[in-house]
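Participant: Quick one: this structure, given as C-alpha coordinates, is what I'll be asking you about.
The values are calculated or read from the model by the stated rules, or taken from the named source; none is laboratory data. Computed from a prediction, not measured in an experiment: that's the story for all the values here. When we count neighbours, we look across all protein chains shown, and the Cβ atoms used for this are built from the backbone with ideal geometry, even at glycine. Each accessible area value is taken on the protein alone, full model and side chains, heavy atoms only, with ligands, DNA and RNA left out. Shrake-Rupley method; radii C 1.70, N 1.55, O 1.52, S 1.80 Å.
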Amino acid sequence: MSRLFSVFVAFVASFLLIGSAQAEVKVLTSIKPLQLIAAAVQDGVAIPEVLLPPGASPHNYALRPSDVRKVQSVDLLYWIGPDMEGFLPRVLNGRTLPSVAVQDLPGMHLRRFAEDSHSHAEEADEHDHDHRPGTLDAHLWLSPVNARVIADKMAADLSAVDPANAERYQSNAKAFDERLDALDQRLKKRLASVEGKPYFVFHEAFDYFEEAYGLKHAGVFSVAAEVQPGAQHVAAMRKRLQEVGKTCVFSEPPLRPRLAETLVAGLPVKLAELDALGGYTPATAQGYEQVLEKLGNDLAGCLESL
Ligand SMILES: [Zn+2]
(Lines give C-alpha, C1' and ligand atoms only; values in the text may rest on other atoms or scores of the structure.)
Protein backbone atom coordinates (compact mmCIF):
# COMPACT_ATOMS: atom_id res chain seq x y z
CA MET A 1 0.00 0.00 0.00
CA SER A 2 2.74 2.42 0.95
CA ARG A 3 4.55 1.47 -2.22
CA LEU A 4 1.43 2.27 -4.20
CA PHE A 5 1.27 5.56 -2.35
CA SER A 6 4.85 6.47 -3.28
CA VAL A 7 4.10 5.65 -6.93
CA PHE A 8 1.13 7.96 -6.62
CA VAL A 9 3.30 10.70 -5.10
CA ALA A 10 5.84 10.32 -7.91
CA PHE A 11 3.00 10.53 -10.42
CA VAL A 12 1.64 13.74 -8.91
CA ALA A 13 5.14 15.18 -8.60
CA SER A 14 5.83 14.56 -12.29
CA PHE A 15 2.68 16.51 -13.11
CA LEU A 16 3.81 19.36 -10.92
CA LEU A 17 7.18 19.38 -12.67
CA ILE A 18 5.55 19.46 -16.09
CA GLY A 19 3.33 22.22 -14.75
CA SER A 20 6.31 24.31 -13.70
CA ALA A 21 8.08 23.68 -17.03
CA GLN A 22 5.02 24.97 -18.84
CA ALA A 23 5.17 28.15 -16.82
CA GLU A 24 8.42 29.18 -18.50
CA VAL A 25 8.28 32.12 -20.89
CA LYS A 26 7.41 31.01 -24.41
CA VAL A 27 9.31 32.88 -27.10
CA LEU A 28 8.51 32.45 -30.77
CA THR A 29 10.45 33.99 -33.64
CA SER A 30 9.50 34.08 -37.30
CA ILE A 31 12.84 33.07 -38.79
CA LYS A 32 15.84 31.02 -37.71
CA PRO A 33 18.38 33.85 -37.19
CA LEU A 34 16.03 35.53 -34.70
CA GLN A 35 15.53 32.19 -32.94
CA LEU A 36 19.31 31.86 -32.66
CA ILE A 37 19.67 35.31 -31.10
CA ALA A 38 16.86 34.46 -28.66
CA ALA A 39 18.60 31.13 -27.91
CA ALA A 40 21.73 33.06 -26.91
CA VAL A 41 19.71 35.29 -24.57
CA GLN A 42 17.65 32.43 -23.09
CA ASP A 43 20.63 30.10 -22.76
CA GLY A 44 20.25 27.93 -19.66
CA VAL A 45 16.64 28.98 -19.12
CA ALA A 46 14.57 27.84 -22.10
CA ILE A 47 14.76 27.16 -25.83
CA PRO A 48 12.85 29.54 -28.10
CA GLU A 49 10.70 28.26 -30.95
CA VAL A 50 10.78 29.22 -34.61
CA LEU A 51 7.89 29.44 -37.03
CA LEU A 52 9.56 28.74 -40.36
CA PRO A 53 10.75 25.18 -40.92
CA PRO A 54 14.26 24.69 -42.41
CA GLY A 55 14.37 25.39 -46.13
CA ALA A 56 11.22 27.51 -46.13
CA SER A 57 11.45 31.03 -47.47
CA PRO A 58 10.22 33.86 -45.23
CA HIS A 59 9.09 35.67 -48.36
CA ASN A 60 6.34 33.33 -49.42
CA TYR A 61 5.54 31.09 -46.46
CA ALA A 62 1.98 29.90 -45.87
CA LEU A 63 1.06 29.52 -42.19
CA ARG A 64 -0.45 26.23 -41.01
CA PRO A 65 -3.30 26.22 -38.47
CA SER A 66 -0.84 25.04 -35.78
CA ASP A 67 1.40 28.05 -36.61
CA VAL A 68 -1.53 30.40 -36.15
CA ARG A 69 -2.29 28.91 -32.72
CA LYS A 70 1.36 29.35 -31.74
CA VAL A 71 1.44 32.94 -32.96
CA GLN A 72 -1.58 33.70 -30.82
CA SER A 73 -0.49 31.94 -27.63
CA VAL A 74 3.25 32.58 -27.07
CA ASP A 75 4.35 35.19 -24.52
CA LEU A 76 6.80 37.03 -26.76
CA LEU A 77 7.00 37.09 -30.54
CA TYR A 78 9.77 38.53 -32.69
CA TRP A 79 9.78 39.05 -36.45
CA ILE A 80 11.69 41.24 -38.90
CA GLY A 81 8.75 43.30 -40.18
CA PRO A 82 6.24 43.58 -42.99
CA ASP A 83 9.00 43.98 -45.60
CA MET A 84 10.18 40.43 -44.88
CA GLU A 85 7.38 38.23 -43.50
CA GLY A 86 4.44 39.42 -45.55
CA PHE A 87 2.42 36.47 -44.26
CA LEU A 88 2.44 37.61 -40.61
CA PRO A 89 0.58 40.93 -40.19
CA ARG A 90 -2.80 39.30 -40.92
CA VAL A 91 -2.42 36.76 -38.07
CA LEU A 92 -0.80 39.27 -35.72
CA ASN A 93 -4.08 41.19 -35.75
CA GLY A 94 -5.58 38.37 -33.69
CA ARG A 95 -2.77 38.48 -31.12
CA THR A 96 -3.24 40.34 -27.85
CA LEU A 97 0.21 39.67 -26.31
CA PRO A 98 3.30 41.68 -27.32
CA SER A 99 5.04 41.20 -30.64
CA VAL A 100 8.13 43.02 -31.82
CA ALA A 101 9.00 43.91 -35.42
CA VAL A 102 12.75 44.27 -34.95
CA GLN A 103 13.11 46.57 -37.97
CA ASP A 104 11.42 49.25 -35.83
CA LEU A 105 13.79 48.99 -32.85
CA PRO A 106 15.71 52.15 -31.95
CA GLY A 107 19.40 51.83 -32.76
CA MET A 108 18.78 49.49 -35.67
CA HIS A 109 21.04 50.01 -38.66
CA LEU A 110 18.81 49.91 -41.73
CA ARG A 111 19.81 49.90 -45.39
CA ARG A 112 17.88 50.55 -48.53
CA PHE A 113 18.51 48.85 -51.84
CA ALA A 114 20.80 51.02 -53.92
CA GLU A 115 19.62 52.91 -56.98
CA ASP A 116 22.34 51.23 -59.05
CA SER A 117 21.52 47.78 -57.73
CA HIS A 118 21.58 45.37 -60.67
CA SER A 119 18.53 44.16 -62.45
CA HIS A 120 16.11 43.60 -59.61
CA ALA A 121 13.07 45.03 -61.23
CA GLU A 122 13.83 43.46 -64.60
CA GLU A 123 12.82 39.94 -63.69
CA ALA A 124 10.24 38.84 -61.21
CA ASP A 125 11.89 36.51 -58.70
CA GLU A 126 10.35 34.02 -56.31
CA HIS A 127 10.35 36.40 -53.36
CA ASP A 128 7.32 38.38 -52.56
CA HIS A 129 9.31 40.93 -50.64
CA ASP A 130 10.52 43.94 -52.44
CA HIS A 131 14.03 44.45 -53.75
CA ARG A 132 13.30 47.56 -55.76
CA PRO A 133 15.83 50.39 -55.50
CA GLY A 134 15.09 52.63 -52.54
CA THR A 135 13.04 50.09 -50.59
CA LEU A 136 14.10 48.76 -47.19
CA ASP A 137 16.58 45.89 -47.31
CA ALA A 138 14.98 43.64 -44.70
CA HIS A 139 17.83 41.08 -44.53
CA LEU A 140 18.98 43.08 -41.52
CA TRP A 141 19.93 40.12 -39.28
CA LEU A 142 23.22 39.70 -41.13
CA SER A 143 24.59 42.81 -39.44
CA PRO A 144 26.23 41.93 -36.11
CA VAL A 145 25.39 45.46 -34.95
CA ASN A 146 21.71 44.71 -35.43
CA ALA A 147 22.03 41.32 -33.73
CA ARG A 148 23.24 43.14 -30.61
CA VAL A 149 20.28 45.55 -30.67
CA ILE A 150 17.88 42.61 -31.04
CA ALA A 151 19.55 40.63 -28.22
CA ASP A 152 19.38 43.62 -25.86
CA LYS A 153 15.68 44.09 -26.60
CA MET A 154 14.99 40.40 -26.02
CA ALA A 155 16.91 40.48 -22.73
CA ALA A 156 14.88 43.51 -21.58
CA ASP A 157 11.55 41.95 -22.58
CA LEU A 158 12.37 38.60 -20.98
CA SER A 159 13.57 40.27 -17.78
CA ALA A 160 10.26 42.13 -17.52
CA VAL A 161 8.14 39.00 -18.08
CA ASP A 162 10.38 36.66 -16.06
CA PRO A 163 12.17 38.74 -13.38
CA ALA A 164 13.38 35.60 -11.58
CA ASN A 165 15.81 35.01 -14.48
CA ALA A 166 16.55 38.66 -15.27
CA GLU A 167 20.17 38.45 -14.22
CA ARG A 168 20.71 35.43 -16.41
CA TYR A 169 19.20 37.13 -19.46
CA GLN A 170 21.35 40.22 -18.94
CA SER A 171 24.56 38.25 -18.50
CA ASN A 172 23.71 36.08 -21.52
CA ALA A 173 23.21 39.20 -23.66
CA LYS A 174 26.53 40.56 -22.44
CA ALA A 175 28.31 37.28 -23.23
CA PHE A 176 26.70 37.28 -26.70
CA ASP A 177 27.98 40.80 -27.22
CA GLU A 178 31.51 39.77 -26.28
CA ARG A 179 31.44 36.69 -28.51
CA LEU A 180 30.28 38.89 -31.41
CA ASP A 181 33.31 41.13 -30.86
CA ALA A 182 35.58 38.11 -31.15
CA LEU A 183 33.69 36.84 -34.20
CA ASP A 184 34.00 40.26 -35.80
CA GLN A 185 37.77 40.09 -35.50
CA ARG A 186 37.89 36.56 -36.91
CA LEU A 187 35.68 37.45 -39.88
CA LYS A 188 37.62 40.63 -40.67
CA LYS A 189 40.82 38.61 -40.76
CA ARG A 190 39.26 35.80 -42.79
CA LEU A 191 37.67 38.08 -45.37
CA ALA A 192 40.56 40.52 -45.79
CA SER A 193 42.27 37.99 -48.09
CA VAL A 194 39.43 38.07 -50.63
CA GLU A 195 38.69 41.79 -50.53
CA GLY A 196 38.04 43.16 -54.01
CA LYS A 197 37.63 39.72 -55.63
CA PRO A 198 34.48 39.82 -57.76
CA TYR A 199 31.55 37.49 -57.13
CA PHE A 200 27.88 37.33 -58.00
CA VAL A 201 24.74 36.39 -56.10
CA PHE A 202 21.34 35.17 -57.24
CA HIS A 203 19.57 36.89 -54.36
CA GLU A 204 20.62 40.24 -52.95
CA ALA A 205 20.44 39.14 -49.33
CA PHE A 206 23.97 39.83 -48.12
CA ASP A 207 24.41 43.61 -48.26
CA TYR A 208 24.48 44.01 -44.46
CA PHE A 209 27.15 41.34 -44.12
CA GLU A 210 29.12 42.82 -47.02
CA GLU A 211 28.97 46.29 -45.52
CA ALA A 212 30.22 45.00 -42.17
CA TYR A 213 33.20 43.22 -43.73
CA GLY A 214 34.20 45.48 -46.63
CA LEU A 215 32.84 43.28 -49.41
CA LYS A 216 30.69 44.07 -52.43
CA HIS A 217 29.11 41.72 -54.94
CA ALA A 218 29.86 42.49 -58.60
CA GLY A 219 26.28 41.82 -59.61
CA VAL A 220 22.96 40.15 -58.86
CA PHE A 221 21.49 37.58 -61.20
CA SER A 222 17.86 37.92 -60.39
CA VAL A 223 16.09 34.81 -61.60
CA ALA A 224 13.36 32.65 -60.20
CA ALA A 225 14.33 29.09 -59.30
CA GLU A 226 11.49 27.62 -61.34
CA VAL A 227 11.33 29.94 -64.31
CA GLN A 228 13.59 29.80 -67.34
CA PRO A 229 14.59 33.40 -68.08
CA GLY A 230 14.71 34.70 -71.64
CA ALA A 231 17.70 33.92 -73.86
CA GLN A 232 18.65 37.59 -73.98
CA HIS A 233 18.80 37.84 -70.22
CA VAL A 234 20.98 34.72 -69.98
CA ALA A 235 23.30 36.09 -72.68
CA ALA A 236 23.64 39.39 -70.77
CA MET A 237 24.51 37.53 -67.53
CA ARG A 238 27.08 35.36 -69.32
CA LYS A 239 28.64 38.47 -70.84
CA ARG A 240 29.09 39.89 -67.32
CA LEU A 241 30.78 36.67 -66.21
CA GLN A 242 33.07 36.64 -69.26
CA GLU A 243 34.16 40.21 -68.54
CA VAL A 244 35.06 39.35 -64.98
CA GLY A 245 36.88 36.04 -65.61
CA LYS A 246 37.54 33.82 -62.59
CA THR A 247 34.68 34.29 -60.18
CA CYS A 248 32.10 32.64 -57.92
CA VAL A 249 28.34 32.69 -58.32
CA PHE A 250 26.46 32.05 -55.10
CA SER A 251 22.97 30.64 -54.83
CA GLU A 252 21.05 30.14 -51.63
CA PRO A 253 20.10 26.72 -50.30
CA PRO A 254 17.95 24.72 -50.65
CA LEU A 255 17.31 25.59 -54.32
CA ARG A 256 19.89 26.31 -56.99
CA PRO A 257 18.27 28.12 -59.93
CA ARG A 258 17.83 25.72 -62.83
CA LEU A 259 19.79 27.87 -65.20
CA ALA A 260 22.87 28.09 -62.95
CA GLU A 261 24.80 25.34 -64.75
CA THR A 262 23.96 26.72 -68.20
CA LEU A 263 24.98 30.16 -67.08
CA VAL A 264 28.52 29.18 -66.12
CA ALA A 265 29.15 26.36 -68.65
CA GLY A 266 32.61 26.67 -70.20
CA LEU A 267 33.55 29.67 -68.06
CA PRO A 268 36.15 29.76 -65.22
CA VAL A 269 33.29 30.27 -62.79
CA LYS A 270 32.46 28.26 -59.67
CA LEU A 271 28.98 27.71 -58.30
CA ALA A 272 28.69 27.76 -54.53
CA GLU A 273 26.14 28.48 -51.82
CA LEU A 274 25.64 31.17 -49.21
CA ASP A 275 23.06 30.46 -46.54
CA ALA A 276 21.57 33.71 -45.24
CA LEU A 277 19.06 31.97 -42.97
CA GLY A 278 21.07 29.04 -41.61
CA GLY A 279 17.80 27.13 -41.48
CA TYR A 280 19.32 23.91 -40.15
CA THR A 281 21.46 25.48 -37.42
CA PRO A 282 20.62 24.00 -33.99
CA ALA A 283 19.06 26.51 -31.58
CA THR A 284 22.05 26.87 -29.26
CA ALA A 285 23.66 29.94 -27.72
CA GLN A 286 26.37 29.94 -30.42
CA GLY A 287 24.02 29.36 -33.39
CA TYR A 288 23.93 32.94 -34.63
CA GLU A 289 27.71 33.18 -34.71
CA GLN A 290 27.84 29.87 -36.59
CA VAL A 291 25.59 31.28 -39.32
CA LEU A 292 27.81 34.35 -39.78
CA GLU A 293 31.02 32.38 -39.55
CA LYS A 294 29.79 29.89 -42.16
CA LEU A 295 28.85 32.74 -44.50
CA GLY A 296 32.34 34.16 -44.17
CA ASN A 297 34.00 30.79 -44.66
CA ASP A 298 31.87 29.82 -47.65
CA LEU A 299 32.45 33.18 -49.33
CA ALA A 300 36.19 33.25 -48.67
CA GLY A 301 36.54 29.52 -49.40
CA CYS A 302 35.14 29.79 -52.92
CA LEU A 303 37.01 32.97 -53.81
CA GLU A 304 40.31 31.58 -52.51
CA SER A 305 39.89 28.42 -54.58
CA LEU A 306 39.68 30.25 -57.93
ZN1 LIG B 1 15.37 38.82 -50.58
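Participant: I need the calculated FRET efficiency for the pair Glu49 and Leu267, taking r as the beta carbon distance and R₀ as 51 Å, to the nearest 0.05. Let's see the in-between values first.
Facilitator: Numbers: r = 44 Å, r/R0 = 0.86.
Efficiency, from the Cβ-Cβ distance: 0.70.
Participant: On a 1.4 Å probe surface of the protein chains, which of Tyr61, Tyr199, Tyr280 comes out largest in accessible area, and what is the full order? Walk me through the numbers before you get to the answer.
Facilitator: Values: Tyr61 35, Tyr199 5, Tyr280 175 Å².
So the residues, ranked largest to smallest area, are Tyr280, Tyr61, Tyr199.
Participant: Another question about this same structure. Can you compute the charge dipole magnitude of segment 22-304 about its Cα centre, using +1 on each Lys and Arg Cβ and -1 on each Asp and Glu Cβ, nothing else charged? Give it in debye, rounded to the nearest 20. Mind showing how you got there, number by number?
Facilitator: On the way: 29 positive and 40 negative charges, 78 e Å.
With only Lys, Arg, Asp and Glu charged at Cβ, the dipole is about 380 debye.
Participant: I'd like the FRET efficiency for Arg258 and Gln170, computed as 1/(1 + (r/R0)^6) with the beta carbon distance as r and R0 of 41 Å, rounded to 0.05.
Facilitator: Values: r = 49 Å, r/R0 = 1.19.
For R0 = 41 Å, the calculated efficiency reads 0.25.
Participant: With unit charges on the beta carbon (Lys/Arg positive, Asp/Glu negative), name the residue among Val102, Ile31, Pro48 whose Cα is farthest towards the positive pole of the charge dipole of segment 24-124.
Facilitator: Pro48
Participant: Could you pull out every residue, at least 5 positions away or on a different chain, whose amide H is within less than 5 Å of the one on Tyr78? Hs are placed 1.01 Å off N in the peptide plane, and Pro or chain starts have none.
Facilitator: Amide H to amide H, under 5 Å and 5 or more residues apart or across chains, Tyr78 pairs with Leu28, Thr29, Ser30, Val100.
Participant: Considering only protein heavy atoms, what is the solvent-accessible area of Arg168 at a probe of 1.4 Å, reported in Å² to the nearest 10?
Facilitator: Rounded to the nearest 10, that gives 100 Å².
Participant: Between Ala231 and Arg132, what is the label-to-label distance in nm when each label sits 7 Å out along the Cα-to-Cβ direction?
Facilitator: My value for the distance between the label points is 3.1 nm.
Participant: GNM on the chain, C-alpha springs below 10 Å: top fluctuator among Thr96, Thr281, Thr247?
Facilitator: Thr96
Participant: Tell me, what is the percent relative contact order of the chain, built from C-alpha pairs under 8 Å that lie six or more residues apart? Can you show the working numbers first?
Facilitator: Values: 474 pairs, mean separation 59.6, N = 306.
Reported as a whole number, the value is 19 percent.
Participant: Radius of gyration and Dmax for the chain's Cα atoms, expressed in Å?
Facilitator: When restricted to Cα atoms, the chain yields Rg and Dmax of 22.1, 86 Å.
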